[in-house]
């Protein structure tokens, strides 16, 4: 589990595609502190497991499903990557709950500025749009962002100057593909409402089963 607050921008050193899988070698510093093999790191919003460590880099495998559902396989050597270590129970939740399980790839339609705020207009897949609401949250390449507006598959998000300065979103342009993860709570609520309603109505037991308690 992550928060969408990027700790550092790493660099893709190598990307080795092996059949439908891939191995990433990523240069980093901050996220390697107290990290061990087997730990999870969010890489552009994708939860990856550290398989090998060195002083200034780590390696991670991307399985076939990850390659199909995300932008990772299309990254080029030297590309910047948003990195975040997994949330600990004692951490402040500065963004929102992010699992690192990408729901789909969206497209940046437009980049504009309003005073000191950068606004991204996105075209998002229907499953992401269905759980996105104005003033809610969405993860874009692993960055927790506030939703300004949402209508059908058109979503706009705002970035404060700090986010622009400390993530790869500073380089995003119209036409770029981005990894998207919809709001976790919204997904649970939508799944619950779409399912058959229990005969006894809403109970604490049903809420617990749905992950709310």
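Read the figures in this text as sums done on the coordinates, not as results from a lab. Predicted model, so just to flag it, every value in this text is computed and none were measured. Every residue, glycine as well, gets a Cβ built from its backbone with ideal geometry; the counts of neighbours run over all protein chains shown.
Rundown of residues vs (1) in contact (Cβ under 8 Å) with a residue 40 or more places away in the chain; (2) more than 30 Å from residue 32 (Cβ to Cβ), yes/no style:
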position	(1), (2)
88	no, no
127	yes, yes
184	yes, no
187	yes, yes
- prompt: So which residues in segment 16-34 are assigned to a strand (DSSP E or B), touching a residue at least 40 places away in the same chain (Cβ under 8 Å) and under 16 Å from residue 82 (Cα atoms)?
  reply: 24, 26
- request: Evaluate segment 198-213: report whether one residue or more is loosely packed, with under 15 Cβ neighbours inside 10 Å, in contact with a strand residue (DSSP E or B) (Cβ under 9 Å, 6 or more places away or on another chain) and under 24 Å from residue 2 (Cβ atoms).
  value: no
- prompt: Among the candidates 119, 131, which residue alone is at negative phi and touching a helix residue (DSSP H, G or I) at 6+ places or on another chain (Cβ under 9 Å)?
  reply: 131
- request: Considering only segment 98-173, give the strands (runs of 3 or more DSSP E) lying wholly within it that have at least 3 residues that are under 21 Å from residue 2 (Cβ atoms).
  value: 104-114, 137-140, 143-151, 154-159
message: Taking the condition of being on the phi > 0 side of the Ramachandran plot and surrounded by 14 or more Cβ atoms within 10 Å (Cβ to Cβ), how many residues in segment 71-103 meet it?
response: 1
